[in-house]
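Asker: Starting off with a structure, shown below.
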Amino acid sequence: MKRLILSLTILALSAAAQTLPKPLPAPPSQDAKMKWFREAKFGLFIHWGLYAIPEGEWKGQPIAGLGEWIMNRAKIPVAEYELLAKQFNPVKFNADEWVQMAQDAGMKYIVITSKHHDGFAMYHSLVSKYNVFDATPFHRDPLKELALACARRHMPFGFYYSQAQDWHERNGAGNTWDFGPDDQKDYDQYLREKAEPQVKEILTNYGPVCLIWFDTPRMMTKDRGSRFADIVKALQPATLIDGRLGPDSPGDYRSMGDNAIPNQVVAGDWEVPATTNKTWGFKKDDTDWKTPEDMTFKLVDITSKGGNYLLNVGPTKEGVIPQAPQDNLRAVGRWLKVNGDAIYGAGPTPFGDELGHPGGPDRQDKNGRTIPGFIVAKDWRCTTKPGKLYFTIFNWPAGAFEVSKMKGKVTKAYLLADASKKPLKVTQKGDQVSVALPAAAPDKIASVVVMETAQ
Ligand code: JFZ
């Protein structure tokens with residue numbers, strides 16, 4: 001027993017004694033700045049905050065909509081919502097387990113909510129007492145623990161920060177039920193006294209921050225956006241800014257709509273933020289979990305169109321990532337262990353016809369714009385590296401895999417799952433290629449045929 005206590009103490013001390021690495025220097029070019037992001041392809045988003053306590057229900061009533069929006073959807077007064085902090089005690093939280101899960105899933109970066117629209121800081125902030133260290137019985141800084149765990153495991157770590165909406169503050173955007181309409185607020189007072197200093201904190205006290213994920217830029221102007229961008233540049237010039245800082249603040253890459261995967265290849269750097277069920281923040285009634293097959297398809301699909309997939313989990317009030325998405329993400333990770341060469345660092349498809357074709361019913365987006373119908377094809381996707389084409393096949397054909405419009409000559413083909421790279425028989429007539437396949441697919445989810453090409 002004594003020995004156990006001694007070794008636990010040493011363990012605790014060595015973990016506590018760990019220090020964070022210094023932020024990275026200014027990258028020499030935009031390409032150099034984007035390098036890790038372009039290679040990563042797959043990241044873990046984490047929405048965790050006080051909203052994990054009501055888990056989608058307020059005073060016995062289920063509240064429709066996203067779990068993290070409960071304060072807004074139920075119009076909970078600040079004075080009442082604040083009391084949740086006194087109950088926040090996620091004793092099962094273990095930073096290493098979360099980072100391990102992301103690694104098992106084959107994810108290459110982690111982005112967590114440092115402050116969501118409810119205004120509650122999930123780190124030890126000196127700017128506002130409304131934070132996880134000062135206002136809860138937990139009295140720990142989970143983001144510091146995660147930053148350390150990520151540093152130990154060389155996992156790039158970034159923060160979501162709700163720069164505009166802050167329902168806790170009189171002058172923040174969004175809380176009209178306590179504080180009246182946004183256009184009558186002293187918004188810049190809120191920005192100067194809370195949002196800007198808090199962004200400085202998260203860029204100063206947590207080691208290298210791979211990216212900062214701003215969101216819902218209500219009332220953001222070019223000047224207000226530049227103030228945040230200047231802070232990021234001054235404190236951590238290597239930190240990427242997402243695409244939602246402000247309407248006139250471009251950021252380092254484009255953020256697509258939530259769960260919105262484009263139909264075609266999109267040039268430039270971009271990311272699709274997506275859920276593993278329907279909500280971001282934990283909701284006990286939302287068990288509509290995406291399957292490993294679905295998430296794998298979406299990862300390959302997005303990669304073949306040139307983007308990244310940032311997939312979310314919403315941990316519980318106890319600090320646990322729900323088991324179902326853990327299991328499902330780990331299944332994606334097992335697929336990536338064999339087939340990751342087709343994803344990490346891979347570029348988009350040189351074809352495009354395989355993605356589907358216009359048709360089916362038109363849709364309306366949130367702003368009432370019409371989105372023309374598109375029928376998604378799900379047979380295969382192509383990703384690329386110099387001299388290589390990776391065909392990820394979801395619907396294994398009998399006998400042979402056929403592609404048309406091939407540019408150049410296929411010099412060799414093999415299954416990515418086959419470590420010996422035993423050549424598959426290739427027949428090419430002009431731009432038509434046929435590769436003989438074994439009868440059974442090597443993988444239940446999807447199997448990758450690699451073609452090496454010469455010009
Ligand atoms: C925002 C948040 O309000 C939400 O709680 C969550 O954090 C999510 C990741 O981002 O919601 C949005 C923002 C933008 C779009 C959709 C939902 N959009 O552009 O389609």
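Asker: Enter the accessible area per residue of region 260-394 (Å², integer; probe 1.4 Å; all protein chains in place).
Answerer: Accessible area per residue: 41 Å².
Asker: Over the Cα atoms of region 281-329, Rg to Rh with Kirkwood Rh, two decimal places?
Answerer: With Rg and the Kirkwood Rh in hand, the quotient comes to 1.04.
Asker: Measure out, as a whole number of angstrom, how far apart the alpha-carbon centroids of region 309-343 and region 230-265 sit.
Answerer: Using only Cα atoms, the two centres lie 23 Å from each other.
Asker: Would you mind checking the tilt of helix 323-339 against the longest principal axis of the Cα atoms of the chain, expressed as 0 to 90 degrees and rounded to 10?
Answerer: The angle comes out at about 40 degrees.
Asker: Right, here's the next one. For each pair in Lys92/Lys284; Lys22/Lys283; Lys185/Lys222; Lys129/Lys200, compute the distance between the two Cα atoms and list the pairs where it is over 27 Å.
Answerer: From Lys92/Lys284; Lys22/Lys283; Lys185/Lys222; Lys129/Lys200, over 27 Å: Lys22/Lys283.
Asker: Given the C-alpha atoms of region 376-455, compute the convex hull and give its volume per residue in Å³.
Answerer: Here the figure is 95 Å³ per residue.
Asker: Mind pulling up the Rg/Rh value for region 60-185? Radius of gyration and Kirkwood radius, both on Cα.
Answerer: Rg/Rh for region 60-185 comes to 1.01.
Asker: Do me a favour and compute the ellipsoid semi-axes for region 144-254 from its Cα gyration tensor, root of five times each eigenvalue, largest one first, whole Å.
Answerer: 26, 15, 11
Asker: Continuing with this model, one more query. Tally the DSSP beta bridges in the chain and give the antiparallel ones as a percent, rounded to 5.
Answerer: Approximately 60 percent, going by the DSSP bridge assignments.
Asker: Still on this structure, please answer the following. Tell me which residues come under 5 Å, amide H to amide H, from Thr276 once H is placed; ignore anything under 5 positions away on its chain.
Answerer: Asn312
Asker: Go from 0 up to the bin containing the longest alpha carbon distance in region 318-455, width 10 Å each, and give me the % of pairs per bin.
Answerer: 11, 34, 29, 18, 7, 1, 0
Asker: Which whole-number value in Å³ per residue fits the convex hull of the alpha carbons of region 242-320?
Answerer: 112
Asker: Using all C-alpha to C-alpha distances in region 334-405, build P(r) with 5 Å bins and read off the rounded percent in each one.
Answerer: Going from the shortest bin to the longest, the percentages are 4, 13, 17, 19, 17, 12, 11, 6, 1, 0.
Asker: Using the Karplus equation 6.51 cos²θ - 1.76 cosθ + 1.60 (θ = phi - 60°), what ³J(HN,Hα) coupling, rounded to whole Hz, does each residue of region 61-66 give in order, writing x for Gly and Pro?
Answerer: With coefficients 6.51, -1.76 and 1.60, one gets 9, x, 9, 5, x, 6 Hz.
Asker: Next question. For region 139-203, compute Rg over Rh where Rg is the Cα radius of gyration and Rh is the Kirkwood radius from the inverse mean 1/r over Cα pairs.
Answerer: Checking Rg against Rh, the ratio lands at 1.13.
Asker: Taking the convex hull of the alpha carbon atoms in the chain, what volume per residue do you get, in Å³?
Answerer: 174
The values are calculated or read from the model by the stated rules, or taken from the named source; none is laboratory data. Everything numeric in this text was worked out from a predicted model, so none of it was measured. Protein only, heavy atoms only, side chains kept; ligands, DNA and RNA dropped before computing areas. Shrake-Rupley method; radii C 1.70, N 1.55, O 1.52, S 1.80 Å.
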